Amino acid sequence: MCLALLVILLHCSSLKAREVFTINKVEIRADPSLQVPNGDALTILCIADISKSGNFMIEHHFTFFKDGRILSDITSLQNRTEYKIPAARFADTGEYVCMVKAKEKKKKSEVMLVKVTGLPKPKLTALKNMVTEGEELVLKCEVPEEAPPLTFTFQKLLTPGGPVTRTKKELEKNFTTIEIPVEPGDKILRFQCIASVYSAHGMQESAPSDVELVTVVEPFSTPALVIEPSLNVTEGDNVKLVCRVVVRNYDIEIIIQKDKVILNSTRGQNTLTYFTKVSMQDNGNYTCKVELGSVSKEKTVNMVVTELFSKPELIHSAKMIDEGDWLQLQCKVKGLLPVTKISIKTRYLGKDNLLNDSSSFITKAHVNNTATYICTAEINGIIKESDPVKINVYAPVSIPQLWIVPSVRDVILGRAIRFQCQSMYGTPPITYKFFRGNKTVNSSQIFNKLPAEFRDKPTEVGVEQYSCEASNHHSHIRKRSRELNITVIAPVGKVNLISVPKREVEDGKGISFRCYVETGSLPINFKLLKQNNRKPISEDTKMDTEVIWYKETWSKQDSGEYFCEASNPTNIVQRSDVISINVILASWQKVLIALFVLVIIVILGCGGCCWYLWKKRKAKHPSIEMSGSAGVTNSAGVKLEPRQNSDGQYYPGYMDDSENHMKATDENKGPEHEITEVEYTEVEVSTPDPHRDSGENRYSSTDSW
């Protein structure tokens, strides 16, 4: 019984020591809602649902996250906690997550998106409440409650074209400043600003700030421009222009100008005057401009000038006059008053030279009268001049000359020829026309004394006639050069070389070469050459397109390769293809060689036959050795051996061999060999000594051939 109680107590103590729990769920909530107006309080609740094996306490670690960044860490024995935001701002918009950790276990809640709507109204401040025209006004707009990045929009209100806006972004600050120039004419300026913010969760814009007022003070008034005696004047009148301005002790600058031309200026004064005697050129708009730094104000008036007399007109007989004709000029003026002074002048490089102090001028035209003419008229101190008139006096052209550059006698077909044509006299510009026969090839206008240049390419062989014609603005003269005859020659065409006979010729016989060209102008120079030999074998110049060479006797040394060259006065050399010539033996040489070979063959044949017969006869009639009891002696009385001659010299195989051979033959001879076998024996014949008696010759030949 005690043992059982002990076991039960031990088991209960083990259960108490082993505390088991699990985190079922983590829940996150937003109070009052997921969308909160800007500035309201916001509470984020985190609740942990945990199951336990008993009634024991667990320490909870709560971690709040916003957009992945840790906001707060809270430790509590309770299963819930909260994160409070007293005044929610747009920066608090984002995704919230809560994580609960108990001992070694942890779990996260689902993601909760919270949006804060709206932005606080920004605060706009002008650093100065009173500014001067041309000054830079500094404005500051801020949203202290919000965090950057922010975008600020400034608006200038009550402008003629509507609000003028400027936008500026700030990435690190919740405020910004801008500088706005104060323009002339501004009186009271009104500004306001708006703040906006952009994020991944949307865009919010604030209400406009309060309007900021700025007073503008002008440093000087708009100028007044007066023309005296009036805005409508007549040529020759004296006119005064007066510009006035009200200034508040500033160093201003006043300028009077017509169009873009400055007529007068002053600095540090409030009045500026300009005097002039008007002419028609003074008609137009005049402006008085007052400037101080970047501030500029102006006033423009229009002055109307009535013409006293019209611009004179220079009447001329013609602008292009032949030399020798009359040059007539007359100056006409239309006006209400009589002309005080009138003149006719020439103008060169901006300088005028007086011709006549009257309204007309007449002279016989010369090339030196080529010039620009004007006439001037003066009434009541107003001088006007006519439009310039350019008068050209033309001298007639001389007969032009035509030549070739460079000078040649003949030209090659297909090659361009360069011609030059020039008239030595005549007023430029001179027009040159270039002719081939009666056909116009080209034309050119020359504005100086240089020759005109033409090119032509002949297309036919023969004589071509060229000429040129010169003319200018002279009304009558047109002159033509003498005809220039040009001989057009064609270079030689393809060159051909043939031989008769072809390729081979017998030694001692002759051969003919025919060299000819297909095209080319005459005369033609022909050359016959052997390969690798610079010196021509033959050379001829012919008034023909071919030439024939003949050489009577050819030898073996003449074998080789031959070619022909042809050229004419074009100096263009053409070469034929190479032909090979081989010199062979003559017919009689071949016959002689054949006969010689035949004779050699006959001689060899006869010699062979004779040798054969001689052998045969020797076999039928063998030599018998002649012997005696007494030996043969020589001239000294010495007894000679059988194989010695009279001089004591031995002859091999003379007697002994014969005897031995004959004996062997007799011994081996049978009844059949007596008829069929033939043995040959050499016979030695000694030459008798002329100093010995004939009786001493002991031996004599008995064979018959």
>> Rounded to the nearest 5, what % of DSSP beta bridges with both residues in segment 309-394 are antiparallel?
In response: 90
> Given H placed 1.01 Å from N in the peptide plane, which residues other than close sequence neighbours of Ala490 have an amide H under 5 Å from its amide H?
Replying inline: Leu413, Ser521
> Quick one: with all protein chains in place, what share of the accessible area of segment 123-217 is carbon or sulfur, to the nearest percent (1.4 Å probe)?
Replying inline: 54
> Over segment 218-349, what is the mean sequence separation of C-alpha contacts under 8 Å (at least six apart), divided by residue count, expressed as relative contact order in percent?
Replying inline: 22
> What whole-number value in Å² describes the accessible area per residue of segment 401-489 for a 1.4 Å probe?
Replying inline: 59
> What's the FRET efficiency of Glu228 with Lys128 using the Cβ-Cβ distance as r and R₀ = 35 Å, to the nearest 0.05?
Replying inline: 0.25
> Between segment 60-77 and segment 221-255, how many Å separate their Cα centres?
Replying inline: 80
> When only Cα pairs under 8 Å and 6 or more residues apart are kept, what is the percent relative contact order across segment 401-489?
Replying inline: 34
> Put a dot 7 Å past each Cα toward the Cβ at Asp540 and Thr300; how far apart are the dots in nm?
Replying inline: 10.0
>> Could you work out what % of the accessible surface of segment 36-91 is carbon and sulfur, using a 1.4 angstrom probe and leaving DNA, RNA and ligands out of the count?
In response: 48
> Between Ser221 and Val367, what is the spin-label point distance in nm, taking each point 7 Å from the Cα along the Cα→C-beta axis?
Replying inline: 7.2
>> 5 Å is the cut-off here: which amide hydrogens, built 1.01 Å from N in the peptide plane, fall below it relative to Arg89, excluding neighbours closer than 5 in sequence?
In response: Gly39
> What's the carbon and sulfur percent of segment 401-489's accessible surface, probe 1.4 angstrom, rounded to a whole number?
Replying inline: 47
> Near the amide H of Asn472, under 5 Å away, which other amide H atoms are found, from residues 5 or more places off or on another chain, if H is placed in the peptide plane?
Replying inline: Val397, Thr431
> Counting only heavy atoms of protein chains, what accessible area per residue, in Å², does segment 21-117 have with a probe of 1.4 Å?
Replying inline: 56
> Using a basic spin-label model with each label point 7 Å from the Cα along Cα→Cβ, how many nm lie between Cys609 and Ser360?
Replying inline: 14.5
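The values are calculated or read from the model by the stated rules, or taken from the named source; none is laboratory data. If you're wondering where the values come from, they're calculated on a predicted model, not measured in any experiment. In this analysis, Cβ positions are derived from the backbone assuming ideal geometry, glycine residues included, and neighbour counts consider all displayed protein chains. The area values use the complete protein model at the heavy-atom level, side chains included, leaving out ligands, DNA and RNA. Shrake-Rupley method; radii C 1.70, N 1.55, O 1.52, S 1.80 Å.
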